[in-house]
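**Q** Structure provided below as structure tokens; questions to follow.
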Amino acid sequence: MIKFILILTFCGFLGSCGDDPKILRRQQMTEEGVKNPTTVEEYRDAINKYKRRIDDISTAHSQVGIWYKILGSRYLDKQMFGEALKCYEEAIKLYPTNQNLYYYVGLCAGYMAKSALDYTATGNTSQRSNYLLLSESAYKRAIEIEPRYFRALYGLGVLYVFEMDKPLEAIPILELACDIEKRNTDAMMVLARAYYMTYDTDSAVAMYDKIIETTKSEERKAEAEANKQAVLNANF
């Protein structure tokens, strides 16, 4: 924790100097012993010294990003989704192409949407809507980076089916997820529900049959059988 504070302080100091290049240059000259090189050897020496400085800063930033991700995971374990979301947001600033970070943003934002109640009882649901849109965009970005990223596909499918009432958009996403993990009955269950919500009774029944054939869990089998029967009864 002490190292974390030190590196954050170090990075903050660099940021505070960023507005005044003269101060930063004087600091670098003092620390590296480089003033005004004139010869070829002095220039080479200056380049090597400043290169080491850049490497140090790069390493510090990299470590900060890793620590933000770890801290976010700790908050996630404690179901402190708001704090976890803040950590993943900071980590993304340092690792903007990491699909896992976007997945966790989508997950946390989805949970925060559930907790965004209208405490003032004014009918204002903008906070919930904003969290849902954040979750959607985060999952999409994760999939954009890694198109066959099962967890993000499944997360987006669940979001569309259970939170955003977009079952038609969920179907191709969940079909891909089920193709990637062919025995994942959680994804199959959500896909079956999406079929039912779009009035595709035959596909819903077929998916429940597939779950019954695939699963070794008696509880999951009973759940699929009950859902299948409910679909058939509703069709009459």
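**Q** If I model a spin label at Lys78 and Glu213 as a point 7 Å from the Cα along the Cα→Cβ vector, what separation in nanometres do I get?
**A** Between Lys78 and Glu213, the simple spin-label model gives 4.8 nm.
**Q** Within the set Lys93/Lys140; Lys140/Lys166; Lys182/Lys216; Lys69/Lys93; Lys86/Lys166, which residue pairs have Cα atoms separated by over 21 Å?
**A** Distance filter (> 21 Å) returns Lys86/Lys166.
**Q** In debye to the nearest 20, how big a dipole does region 56-117 give about its Cα centre with +1 on each Lys and Arg Cβ and -1 on each Asp and Glu Cβ?
**A** 180 debye
**Q** Further question on the same structure: List the chymotrypsin sites (Phe, Trp or Tyr not before Pro) within region 180-228 that DSSP assigns to loop and that have no more than 14 neighbouring Cβ atoms inside 10 Å.
**A** Tyr199
**Q** Continuing with this model, one more query. Which loop trypsin sites (Lys or Arg not before Pro) in region 173-236, with loop taken from DSSP, have no more than 16 other Cβ atoms within 10 angstrom of their Cβ?
**A** Lys182, Arg183, Lys216
No lab work stands behind these numbers, since they all come straight from the coordinates. Computed from a predicted structure; not experimentally measured. Cβ sites come from the backbone with ideal geometry, for glycine too, and all protein chains shown count toward neighbours.
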